[in-house]
Each structure stands twice: as structure tokens, then as C-alpha cells.
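This report refers to the structure that appears directly beneath it.
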Amino acid sequence: MVCLGNICRSPLAEGLLTSKLPSITFTVDSAGTGNWHVNKQPDKRSIATAKKNGIDISHQRGKHFTSNFFDLYDYIYVMDGSNYSEVLLLAKTEEHKSKVQLILDELFPGDNVDVPDPYYGLQNGFDMVYVMLDEATDLLAKKLIAKHS
């Protein structure tokens, strides 16, 4: 899961998908295209939003997305078009590029819908992002479980 700073959207997506997949089979992680928040907790509003929905993301720490992630993970879900472009710049092969997808393509295939960045907004923006990511990760979890069963 990739967003800009790895403190708002991607930590929520990581927490949501992790809660829906068997940990023995799947590893979910998140990172940011920017490196400002490396080793920091997610935004307190993301932590609060996840917590009120029964998910603890307070243990997560920010990571910076590097080209090594292409070799570590089978799928790379990005939150918006800017993240998509930044991640593709780091792809070294066509196989790497094929791993990258907008997460909301799960809900709106081919429409290139972005998950809005709630950082500069109010708490309700985090709540809206949570709902979007919850729906997308429901579909994604079902697809991944079916594919890897």
C-alpha cells in the first residue's frame, strides 16, 4: 500500500487489508513515495479512525518506497495518480510495472479514481477515506484469497 507520506491513507489500507487476510499466507505493508515520515507513527487521526473501527495501526512505522519493494511484494496498490507515477518511475522492468495498480480500481475498474489525501482536512476526511478503503480492501481480500487458495 503506497501513498505520499505513509501516515494517512496507506497505513489505513495496510491495517484494513491485514485484518481481512490470513497472516500465515499474506504479508501486507505500506510505504510512502516521500521520506518525511520514515520511522514515525501514522497520523493520529488515522490511528483514531482505525481504532474506532476495531483496528490498531499504532504499531506501524513509516517507510519510504524504494525499488526493492518490487522484489519483496507481488502487488503494489497506490492511493492516487501521483503515487502511481512516482512508483512507476522506480520500476526497472515491465514485470515491476505490472504489479502497480490504483487501489480504487477494485471498486471503479479503469476509472482512475484517487483516494483523496485527508491530511490537510478535518477528521471526517479520514472517516470517508476509511469507508472507501474498507470497501476496496473487501474486494481485494476476496480476490487475493481466491487467487492464492
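The values are calculated or read from the model by the stated rules, or taken from the named source; none is laboratory data. Because the structure is a prediction, the values reported are computed rather than measured. Note that we place each Cβ from the backbone using ideal geometry, even for glycine, and neighbour counts take in every protein chain shown. Only protein heavy atoms, including side chains, enter the accessible area calculation; ligands, DNA and RNA are left aside. Shrake-Rupley method; radii C 1.70, N 1.55, O 1.52, S 1.80 Å.
Highest mobility in the GNM of the chain, judged by mean-square fluctuation with C-alpha springs under 10 Å and restricted to Thr137, Thr49, Thr93, is found for Thr93. Amide hydrogen proximity for His64: with H placed 1.01 Å from N in the peptide plane, the residues at 5 or more positions away or on another chain lying under 5 Å are Gly32.
In whole percent, how big is the carbon plus sulfur part of the accessible area of the range 53-122, probe 1.4 Å, protein atoms only? Summing carbon and sulfur atoms, their accessible area is 51 percent of the total for the range 53-122.
Using Cα pairs under 8 angstrom and six or more residues apart, how large is the relative contact order of the chain, in percent? Normalised by residue count, the contact order of the chain is 27 percent.
Here's the picture: charge each Lys and Arg Cβ at +1 and each Asp and Glu Cβ at -1 in the chain, and of His37, Leu4, Asn124 the one pushed furthest to the positive end of that dipole is His37. Note on the chain: with a GNM built from Cα contacts shorter than 10 Å, the maximum mean-square fluctuation among Leu12, Leu90, Leu133 falls on Leu90. About the centre of its Cα atoms, the chain shows a dipole size close to 480 debye [charges on the beta carbon of Lys, Arg (+1) and Asp, Glu (-1) only; nearest 20 debye]. Remark: spin-label model distance Leu139-Gln41 equals 3.3 nm, labels positioned 7 Å along the Cα→Cβ axis. Which aspartates and glutamates does Lys142 reach when only Cα atoms under 12 Å apart count, and residues fewer than 8 places away in its own chain are ignored? Straight-line reach from Lys142, under 12 Å: Glu106.
Could you derive backbone 3J(HN,Hα) for the range 25-31 from the dihedral phi with the Karplus parameters 6.51, -1.76 and 1.60 (θ = phi - 60°), listing whole Hz in sequence and x where the residue is Gly or Pro? Those phi angles translate into 9, 10, 10, 10, 9, 9, 7 Hz.
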